[in-house]
Every structure is written in C-alpha cells, then in structure tokens.
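Everything on this sheet refers to the single structure shown next.
The values are calculated or read from the model by the stated rules, or taken from the named source; none is laboratory data. In this text the structure is predicted, and so the values were computed from the model without any measurement. Counting neighbours? That spans all protein chains shown, and the Cβs are built from the backbone with ideal geometry, glycine included. Heavy atoms of the whole protein, side chains included, go into the accessibility calculation; ligands, DNA and RNA do not. Shrake-Rupley method; radii C 1.70, N 1.55, O 1.52, S 1.80 Å.
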Amino acid sequence: MQFFFFHLMPYADLDLETAAQYRSAWTVLPNSLYDPVKGADLYNRYLDELEYADTLGFDGICVNEHHQTAYGLMPAPNVLAGALSRRTSKAKIAVLGRALPLLNNPLTVAEEYAILDNITRGRLIAGFVRGIGAEYHASSVDPTESRDRFNEAHDMIVRAWTEPGPFAFAGKYYKLPYVNPWPRPYQKPHPPIWIPTQGSPETMVWASAPERRYPICITFSPGAVVKQNLGIYREYAEKSGYTATPGQLGWAMPIYVAETDEIARREAKPHLEVLFNNLLRMPPEMLLPPGHTSAAAYKKFIEQRRGVTTGVSTRLTLETMLDRDIAIVGSPATVRDKLAAYESETSFGNCLALMQFGTLPADKTRASMELFAAKVMPSFRTATVAAM
Amino acid sequence: MPPRESTLSLRDCRIRLLRGGSGAPLLYLHGEHDAGDWPEMLQRLADSHEIIAPDHPGFGGSDLPDWLDNTEDLVCFYLDFLDELDLRDVHLVGSSIGGWIAASLAARNATRLRSLTLLAAAGLYVDDTPPGDIFIWAPDELLQNLYHDQEIAAAAIAKSHAGEDIDLVLKNRFTAARLAWQPRLHDPDLHKWLHRIKLPTLILWGAEDRVLPPTYAAAYHQAIAGSRQIVLPACGHLPHRERPAETAAAITKFLAEAR
C-alpha cells in the first residue's frame, strides 16, 4: 500500500452563516467573504502540512484544482506544486489533477508538468480530470463538450511528451501549428498519469484500456461504491486481457486518527460535517450541468430526487459518513482494520488520505497525521514486504 | 383543426414537422421550452396562415445530427430547409433561441422571406445586462422565471413534477446547452450584421422578461432599421404562451400590413 497525503486547502475561516444564504459555496459565493490576511495564514499553514507529510514518510502529497469556491483554494494547483517541489525531497507530488477541458490551450499543462517533473527529478504524478460540474459554470466552458475536449487535450499532451517536436496538431477544439514544448519531462516516457474519478463508466473504460492502464482514484464515495467501482475497473482490465495491479487502484477518503474511537469521532465530527454540508454544498444544476453527465445518468438522478421538497436538504452527519464508510475515523487500530478490510476486498494499493478537512485546526491535523504515520502506515509496509 | 404531423429527412437528419392552417406560409422556430408543441398562438395564426413548425435538429422529435455544434449550423440547416420545401414569401417567426436562428438567417439570406418576427429573441448581448442564468436555476425556479403570471408557472411546475415529459425536457436542455452555454445565449458576431435585414420586422417582448430583459428588445429594435417594437406589460419570456391571444393578434395585424 502506498500512502498519499491529500489536501483540499479549504477556506476554513468561512463565515458559515453568511455563506448559507447563497445557492452554493461554489461560483456564486461572493469573494468578499475571503479575507486575504487569513488566507495568507491558511496557505502557509497548508503548505507546511503537506511538507510535514513528506517528513513523516508519506509516499506522496497531493494537490488538486477547483475554481471560485471556499471548498478549495487551489485554482492553479501547479503554483502550489511548484512551492512544494523545492521544499520536499522524497514524496511524490501528485497534482490530481488539472482540469483539461477548461483550458483554451491545454499545451500549457504539458509545459507546467514538465517543469515540475524536471525540478523534482521525476517526483511528479500528472493527474488529468474533466472537472466537476460547477467548474463549467465558473469557466463557462460548454459542458456538452467536456468529454471530447478532455480526450483531445489528453491526446495532444501525451503526443507533446512523446513525439519529437515541432509538429502540427489540428483537433476539433485545439489547433496548434507548432507543438514543441520546452522543457521535455524528466521521467520516461512521461510522468505517470493518474485519473481521479467518481467512477463514471466512460472514464473507467478509457482509463483501464490496455494502452493506457492509468491508475484511478475514486474520490469521496461510500465504501460500497468504491468497492463496486474498483471492481468494475478490474473487470474491464481482465476483459482487455490483463490484470490490474494494486497500484492502479486508488481511493481518496477523509481519515482522522486519535487515541480512541470516541475521541476521534468527537474531534472529527464538526469539521467533517462542515466539509460535506457547507463546503461541498451545491444544487444538482451546478453539480450536473447538461452534457457533463449523460442524459441517462441525469434522468436517474432527477427521478431519485422527485418528491423531495426543494430547499430542504438532508444534513450528512458523521454517523452516516461512518456507517457508509464515506470517511474513516477512529483509533489507529480501527483505521488500520478498516483499511486492511478494504485492501483485502478490493486490492486497492493507493490510499489518498484527506487528513485536513473543513475547519479542522492545525494542531489536530498534525496529531492525526503523526498517529497515522506512526501506527497505521507501518503495518501495511510489513504486509507488502511479506507478500513479496 | 389539429396540425398534421410528418417527418422530413434533410442533411442526414430526420426532423419532425407540424403543419396546419392555410394562407401565406409562416415558419415558426421554437425556443427551448416548446419543442414538439403546438401552442395556442400557432392555432390562432393558423386561421390566416399555413403554419410550418419543425422541431429543430436535436430538439423534440427530431434527431441530433453529428454536425450540430452551434446556432449557425441551424441557420444554414433552415436555409436548406426553405430550399427543400421551396417555400417563398415566408413569414419567419422565432421565439428565444428560435428567434436567434431567425434573426441570423434573415441577416444572412432573406430571399425566401417576407417578414421577420422576433419573440424575446436570444442572439445579442447587452453590456451590463447579462441574461438570466437559465442553466443555474433549479427546474421549478426556471419555470417561475419564465413566466410573469405565477399561476401559469405553478401549472407548468405541477406538470413537470408528473415527470411524463422528462426525456423531452432533458433532450431539449442538452441541445440548448450546446447552442447557448458559451457564449451565453448569444453570437458575438450577430450584432455586426443585423443592419442587413431590410424585411418588415416585428420585435415583441414581455416587459417582465427575466431571461432577456426588454433592453434586449431595444437592442434589436435599434439594430434593425424600420423595425416595430411591442412590449407587452405583465408578461414574461414566453409571450406566445403567457399572452397567446394578444401575441397572435399583434402578429396578425403586423403580417397583414407586411403583405
């Protein structure tokens, strides 16, 4: 098992009461609620936490991309990855990922990633995503073009990394007479490409295709859904004539560790509930703009929702999160057992732990990280060694 | 008399077509919210005109062709359509996105047209007055914002909750996004060429339009020389649905004078 420390960099000082008056914490939440003085402290604190994960022996640290939201303050994740690249020495730096369809010229991603890969001498993991629905409101990119733009941008970037330049690229969305990025990536043939996903079938088929075999990470889903989706990926791989390795199967989930289950739950509860209820809050029109999801998937969602009065949403409690394994919270033994059970059921090999979430303060974040690194991670190292 | 339904295959696309009435031909180009429909206004206009009401490619009962990327594709499709049916002296009427297609078509090639009527037409952008965000509004909120009369909105909401036409609603919504998400509900080049429209033109709007406020009517009125502008009080984005009798009467009067 490889362990990654995943940060979202939320605006933890958000005035939750005022924010609740708006449609969402995304796109329409006025940025007058952002205080740069507090923000400066948060950025530096969060970067410290990511650097600390390197010191504690995590295999990798992760940043990601979201726009116009208090949920995460990383609209330009490669800026943060750049800051980390010179202050860490061992951990992989995983950018999970850049949202390719939102860009007018995705070749900039090939360039930025190649710089990071050079500076870190090959510690970069290059994540590619389509971006969640809200990004299409924020960027005004047509969501019905999302998948085609993603595929075309991906193809151009991989060609830019592997074929001698300059060459001309003429796609439907991107037309460049000269594709010739300097620098070229440090890793051969290019940095590992990872695909964070909520498990849409199209993405799973695409990522698992034998010519790609891109590792996926299922993000923020109940344990049963993660199990199902990782199983689907493995099935696609088998159908394509190969067996997926644990390194291709990842799960990103909030984790909190304290001395006992009771303490862990008490301490994590308010902060996890802020993450899911205040920061991730958005209506279906923002989460699923037309074409971002297929009409069939959209219809299913609408029909499940019919009869539910609009405006009244169910608050997701810690208890529900734990029942459904949306988050893993407890003593080191509890967290260890839970991860081991999922490991043996799914053979997932990349654990992307979100250890700061919502309003969780710095001291609690660090204490949980330390316990996790000291009392959870080692038992999986031994197991891996023994299995080899 | 109910309209006759037929299909027509053109440019690798099978479209559904409603026709009814008799008289001078009137081609009606619908908006997102009445694809596949025969609204009361059309029934009224059918007393004195032959109404031709197709579902746009990608909407209602028509196919979604591979070639459909933007509104200009529909403009050229309807130029082909006019040729294919050999329609002459056509009164072109369009609502919302359909009005956008109609205005652009008239600017491009009006040889088969006799007049142009724009009902709360999209297609332009007025600085400092962005259109209402039809894509962020919740389904009920959208219907409330389409109508001024909230009793009509409530009936439309009740109908939508029954869920019978969900496939149609989603199909129309997906294609509307393809045409109007970016740039939002407009073509940044259209305003440059509206002066080419020399046809008798009626611009009819609801005073309480929350999608495209009446400043958009003024923009069209200003851009098309000699156009007439009518703004109906106490009316939202869909005058042909909210005020069908008045809208039909205004169009009939205008068309009689445009002969």
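What number of residues within segment A:131-140 satisfy the criterion of being away from chain B (no Cβ under 12 Å) and either among the hydrophobic types (A, V, I, L, M, F, W, C) or not in a helix (DSSP H, G or I) (or both)?
Residues of segment A:131-140 away from chain B (no Cβ under 12 Å): A:131-132, A:135.
Among the residues that remain, those that are also either among the hydrophobic types (A, V, I, L, M, F, W, C) or not in a helix (DSSP H, G or I) (or both) are: A:131-132.
Here the count works out to 2.
Filter segment B:127-141 for residues that are surrounded by fewer than 24 Cβ atoms within 10 Å (Cβ to Cβ) and either within 14 Å of chain A (Cβ to nearest Cβ) or in contact with a Phe, Trp or Tyr (Cβ under 6 Å, 6 or more places away or on another chain) (or both) and give the result. Explain how you work it out, then say what you get.
Taking segment B:127-141 as the starting set, the residues that turn out to be surrounded by fewer than 24 Cβ atoms within 10 Å (Cβ to Cβ) are B:127-133, B:135-141.
Passing the criteria: B:Pro130, B:Pro131, B:Gly132, B:Asp133, B:Phe135, B:Ile136, B:Trp137, B:Ala138, B:Pro139, B:Asp140, B:Glu141.
Please name all residue pairs, on different chains or six or more residues apart, with Cβ atoms under 8 Å, provided the first residue is in segment A:118-130 and is on the phi > 0 side of the Ramachandran plot and the second residue is in a loop (DSSP other than H, G, I, E, B) and at pLDDT 95 or above.
As it stands, the answer is A:Arg121/A:Tyr186; A:Gly122/A:Tyr186; A:Gly122/A:Gln187; A:Gly122/A:Pro191, since those pairs meet every condition given.
Given the conditions (1) buried (at least 20 other Cβ atoms within 10 Å of the Cβ); (2) within 9 Å of chain A (Cβ to nearest Cβ), and given that B:Tyr147 satisfies all but one, which numbered condition is not satisfied?
For B:Tyr147, the exception is condition (2).
Among the residues of segment A:51-66, is there at least one that is part of a helix (DSSP H, G or I), among the acidic types (Asp, Glu) and surrounded by 15 or more Cβ atoms within 10 Å (Cβ to Cβ)? Working first, answer last.
Going residue by residue through segment A:51-66, those that are part of a helix (DSSP H, G or I) are A:51-56.
Filter again for among the acidic types (Asp, Glu), leaving A:51, A:54.
Within this subset, residues satisfying the condition of being surrounded by 15 or more Cβ atoms within 10 Å (Cβ to Cβ) are A:51, A:54.
Checked against the condition, which is being part of a helix (DSSP H, G or I), among the acidic types (Asp, Glu) and surrounded by 15 or more Cβ atoms within 10 Å (Cβ to Cβ), segment A:51-66 yields at least one hit.
In segment A:349-366, is there at least one residue being in contact (Cβ under 8 Å) with a residue 24 or more places away in the chain, surrounded by 22 or more Cβ atoms within 10 Å (Cβ to Cβ) and in contact with a Leu (Cβ under 6 Å, 6 or more places away or on another chain)?
Yes, that holds for at least one residue.
Being of a type in the set (A, V, I, L, M), away from every other protein chain (no Cβ under 14 Å) and closer than 30 Å to A:His137 by Cα is the filter here, so list the residues in segment B:181-203 that pass it.
Going through segment B:181-203, the residues of a type in the set (A, V, I, L, M) turn out to be B:185, B:190, B:194, B:197, B:199, B:202-203.
Pick out the ones that are also away from every other protein chain (no Cβ under 14 Å) and you get B:190, B:194, B:197, B:199, B:202-203.
Passing the criteria: B:Leu190, B:Leu194.
Which one of the conditions (1) surrounded by 19 or more Cβ atoms within 10 Å (Cβ to Cβ); (2) more than 9 Å from every other protein chain (Cβ to nearest Cβ); (3) out of contact with any Phe, Trp or Tyr (no Cβ under 9 Å at 6 or more places or on another chain) does B:Arg178 fail to meet, given that it meets all the rest?
Single failed check for B:Arg178: (2).
Might you check whether a residue that is surrounded by 15 or more Cβ atoms within 10 Å (Cβ to Cβ) and more than 14 Å from chain A (Cβ to nearest Cβ) occurs anywhere in segment B:158-167? Step through it out loud before you land on a result.
Keep residues of segment B:158-167 that are surrounded by 15 or more Cβ atoms within 10 Å (Cβ to Cβ), which gives B:160, B:166.
Retained after the next criterion (residues that are more than 14 Å from chain A (Cβ to nearest Cβ)): none.
Scanning segment B:158-167 turns up no residue that is surrounded by 15 or more Cβ atoms within 10 Å (Cβ to Cβ) and more than 14 Å from chain A (Cβ to nearest Cβ).
Could you grab me the full set of residues in segment A:141-178 that are in a loop (DSSP other than H, G, I, E, B) and either touching a Cys at 6+ places or on another chain (Cβ under 8 Å) or farther than 23 Å from B:Leu170 by Cβ (or both)?
A:Glu163, A:Pro164, A:Gly165, A:Pro166, A:Gly171, A:Lys172, A:Tyr173, A:Tyr174
Looking at B:Gly206 and the list (1) under 25 Å from A:Ser139 (Cβ atoms); (2) at pLDDT 95 or above, which single condition is not satisfied?
(1)
Wholly within segment A:203-304, which helices (runs of 4 or more DSSP H) include no fewer than the required count, namely at least 3 residues that are in contact with a strand residue (DSSP E or B) (Cβ under 8 Å, 6 or more places away or on another chain) and of a type outside the set (Lys, Arg)?
Values: elements: A:223-239, A:261-274, A:284-287.
Helices (runs of 4 or more DSSP H) meeting the threshold: A:223-239, A:261-274.
Go through (1) at positive phi; (2) open to solvent by 10 Å² or more (accessible area, probe 1.4 Å) one by one and return the number of the condition B:Leu185 breaks.
B:Leu185 satisfies every listed condition except (2).
Looking only at segment A:343-368, how many residues end up being in contact with a strand residue (DSSP E or B) (Cβ under 7 Å, 6 or more places away or on another chain) and not in a loop (DSSP other than H, G, I, E, B)? Working first, answer last.
Let us first name the residues in segment A:343-368 that are in contact with a strand residue (DSSP E or B) (Cβ under 7 Å, 6 or more places away or on another chain), namely A:346-355, A:357, A:368.
Filter once more, so that each one left must be not in a loop (DSSP other than H, G, I, E, B): A:346, A:350-354, A:368.
Of the residues in that region, 7 qualify.
Out of (1) of a type in the set (A, V, I, L, M, F, W, C); (2) in contact (Cβ under 8 Å) with a residue 60 or more places away in the chain; (3) open to solvent by 20 Å² or more (accessible area, probe 1.4 Å), the odd one out for B:Val231 is which?
In the conditions (1) of a type in the set (A, V, I, L, M, F, W, C); (2) in contact (Cβ under 8 Å) with a residue 60 or more places away in the chain; (3) open to solvent by 20 Å² or more (accessible area, probe 1.4 Å), B:Val231 misses (2) alone.
For B:Val126, state whether it is closer than 30 Å to A:Arg23 by Cβ and of a type in the set (A, V, I, L, M, F, W, C). Walk me through it before giving the result.
Details: closer than 30 Å to A:Arg23 by Cβ: yes; of a type in the set (A, V, I, L, M, F, W, C): yes.
Yes.
Which pairs turn up if I take residues in segment A:273-284 that are more than 14 Å from chain B (Cβ to nearest Cβ) and look for partners that are open to solvent by 20 Å² or more (accessible area, probe 1.4 Å) and in a helix (DSSP H, G or I) with beta carbon separation below 6 Å, at least 6 apart in sequence or on another chain?
A:Asn278/A:Leu16
Criterion first (closer than 21 Å to A:His137 by Cβ and open to solvent by less than 10 Å² (accessible area, probe 1.4 Å)) does A:Ala99 satisfy it?
For A:Ala99, the condition - closer than 21 Å to A:His137 by Cβ and open to solvent by less than 10 Å² (accessible area, probe 1.4 Å) - is met.
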